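The values are calculated or read from the model by the stated rules, or taken from the named source; none is laboratory data. Here the structure is a predicted model, which means the values were calculated and not measured. Every residue, glycine among them, receives a Cβ derived from its backbone with ideal geometry; neighbour counts consider all protein chains shown. For accessibility, only protein heavy atoms count, side chains too; no ligands or nucleic acids. Shrake-Rupley method; radii C 1.70, N 1.55, O 1.52, S 1.80 Å.
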Amino acid sequence: MIPAPFLLYLGHSTDFVGIKTSRGLAEFRRDDCVGEFRHDDSPLTLGLPRMTIAEGAAAGAKTLVLGIANSGGTLGGDLVADAKAALEAGMNIAAGLHQRLRDVPELAALAREKGLQLFDVRDPPADLRVGNGYARAGRRVLTVGTDCSVGKMYTTIALADALKARGEKADFRATGQTGILIAGAGVPIDAVVADFISGGIEMLAPERTDGGWDLIEGQGSLFHPSFAGVSTGLLHGAQPEAIVLCHDPSRSHMRGIPGRALPELKACLEANLQTARLTSPNVRAVGVCLNTSRMERDEAEALCRQIEADLGLPCTDPIAFGVEAIIDELLCTEVSRPVTTVSS
């Protein structure tokens, strides 16, 4: 377990999506966060007290979380310098980047000298096995996306919480750095050797006979050239009973690939269902979740209604409107009054 409380790192970030790990911790583990650290050229905030490294340590922060994501997941000079300052101030360091903290000699040496720890969240378990695709007991839901970073983790947590509120047994199964920091456990599936991706998910959500649900966090997109491989392995390993499609309607192109359009929702759903049928022949879609944070509420409600009419599935923003209609679809109960209905 990574010692809390945390000081959340924004650094020089100007990309709101790129700070998703710090943002996720501020959203779901706010009581464990004493503040945020950012340089003057960062316009972003998590709504936490802004602190220097020294102020964070004085406020009781035990770990600086480098909660940002960059292309390739590397530790640049600024990150290393700030991490060194935190170690000097007596804080542990946690990061979920592909480049490991322990592989930076100056950080490893300073941590040893200070008796502190470096937590590389993206380390996969050592005992992963190759997946076999055999049918296994249990009820599993997987979130999928039209792109990366469109809200799959937020949706998965919202679905797990809503099921528990209905009296169902439900567990969030984290597959990315942010989810793992929130849940305290998981498999960083995009850091797993390709042959073991589906097996890693089989281990993350093994056979279950208590009637409960495993809500599995999706990664990437079948339509993103950079990340389709991990998305495919997740679909096969999860053997989902149901999938929920996540989408950001404000996107003009695939993240990191200007000029490449996002797929149509219907085509994306069908591709994910077809891929999932290899190991889960009866998989079904139960809803669509949008990130409408950049839209006016009435505009977001209208878009949800339009998608519901087009696809015949409940559509919502899990943060703005909740996920009750999707839970109804999942549990095959009478549909709740749509949260997107505008009162007259």
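Mind checking which residues of region 139-163 are more than 25 Å from THR292 (Cα to Cα) and open to solvent by 30 Å² or more (accessible area, probe 1.4 Å)?
Correct list: ARG139 only.
Looking at (1) in contact with a Lys or Arg (Cβ under 7 Å, 6 or more places away or on another chain); (2) open to solvent by 40 Å² or more (accessible area, probe 1.4 Å); (3) in a strand (DSSP E or B), which is the one condition that is false for GLU106?
Here GLU106 clears every test but (3).
Look at LEU66 and say whether it is of a type in the set (A, V, I, L, M, F, W, C), in contact with a Phe, Trp or Tyr (Cβ under 9 Å, 6 or more places away or on another chain) and touching a residue at least 24 places away in the same chain (Cβ under 8 Å).
Considered against the rule, which asks whether it is of a type in the set (A, V, I, L, M, F, W, C), in contact with a Phe, Trp or Tyr (Cβ under 9 Å, 6 or more places away or on another chain) and touching a residue at least 24 places away in the same chain (Cβ under 8 Å), LEU66 comes out as yes.
Within region 137-152, track down each residue that is in a loop (DSSP other than H, G, I, E, B), on the phi < 0 side of the Ramachandran plot and within 11 Å of the chain's Cα centre (by Cα).
Result: CYS148, VAL150.
When region 230-267 is examined, which residues are found to be surrounded by fewer than 21 Cβ atoms within 10 Å (Cβ to Cβ) and among the β-branched types (Val, Ile, Thr)?
Within region 230-267, THR232, ILE257 qualify.
Is it the case that GLU207 is in contact with a Phe, Trp or Tyr (Cβ under 8 Å, 6 or more places away or on another chain), assigned to a loop (DSSP other than H, G, I, E, B), open to solvent by 10 Å² or more (accessible area, probe 1.4 Å) and charged (D, E, K, R)?
Here the answer is no, as GLU207 does not meet what is asked.
Would you be able to tell me the number of residues in region 171-230 that are among the aromatic types (Phe, Trp, Tyr) and closer than 25 Å to MET254 by Cβ?
Number satisfying all stated conditions: 2.
I'd like the full set of residues that are part of a loop (DSSP other than H, G, I, E, B) and open to solvent by less than 30 Å² (accessible area, probe 1.4 Å), limited to region 5-59.
Residues satisfying the conditions are SER13, SER42, LEU44, LEU46, LEU48.
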